[in-house]
Amino acid sequence: MIRVAVFACALLSLVVVPSVADAQDAGKRVEAARSRARFFSKITVKRDYSGEWVVARNRHVTAFIDLMDPRHPRSRGKNSDPNQVHLLVVPNQPREHIAKQMGGRITAADLRAAGIVFLEAKKLARRLGIKDPEIYLNSELRIDVGYLHVHIRGKLSPKKRLPRLVK
């Protein structure tokens with residue numbers, strides 16, 4: 001019994017209680033991420049594709065080339081492999097992360113909505129012929145943009161070209 005109590009105390013000592021400064025920093029990070037989300041809204045909600053390489057759109061999602069992909073018109077990527085591709089798949093209905101808002105409670109409806117984005121990303125990767133696609137969503141702690149987005153990274157067949165929707 002004593003060992004259990006000591007173990008429990010050791011575990012509790014690992015728990016970090018956020019300070020007021022930590023909470024303020026988190027608030028600033030969330031606001032900055034929300035500000036950067038306007039860019040995704042421009043593409044998905046307003047359907048303004050100017051300066052973007054949108055590869056697909058359906059009633060659920062819009063997919064476009066990430067700025068880090070060298071194919072993007074304003075690429076900041078350093079990837080020199082012409083077959084490597086990095087796409088973002090985002091829901092057409094605004095959503096900050098899995099929950100409707102960052103830090104919010106995640107409901108069954110939220111899981112369904114995020115699941116649709118994942119399924120659409122998987123279908124798109126297959127349709128585009130991306131080999132061994134890595135399909136993932138960053139955790140809230142790692143996101144820079146406050147708009148749900150699923151990444152697709154992988155190799156594009158040398159014979160395949162990415163489509164480009166123009167609006």
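Each reported figure results from applying straightforward, stated rules to the coordinates on display, with no laboratory input. Since this is a predicted model, take the numbers as computed values, not measurements. Here the Cβ is made from the backbone with ideal geometry for all residues, glycine too, and neighbour counts use every protein chain on show.
Numbers at a glance
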| read-out | value |
| --- | --- |
| Order of Ser41, Ser139 - criterion: other Cβ atoms within 10 Å of each residue's Cβ, fewest first | Ser139, Ser41 |
| Residue-span extension gain [Ala32 to Ser139] - 0.36 nm each, minus C-alpha spacing | 36.9 nm |
| Formal net charge of residues neighbouring Ile106 (Cβ-Cβ distance under 12 Å; K, R +1; D, E -1) | +1 |
| For a label point 7 Å along the Cα-to-beta-carbon line of Asp48, residues of region 144-167 with backbone N under 17 Å | 166-167 |
| Chain lengthening between Lys155 and Ile116 when straightened (0.36 nm per residue, less Cα-Cα) | 11.7 nm |
| Amide proton proximity set for Leu162, modelled H, under 5 Å, gap of 5+ | none |
| Integer Hz, Karplus 6.51/-1.76/1.60 couplings in order for region 49-61, x for Gly and Pro | 9, 4, x, 10, 10, 8, 9, 6, 8, 9, 5, 9, 9 |
| Region 42-56-region 127-167 distance, computed between alpha-carbon centres (Å) | 15 |
| Gyration tensor (alpha-carbon) shape descriptor, region 97-167, a/c threshold 1.5 | prolate |
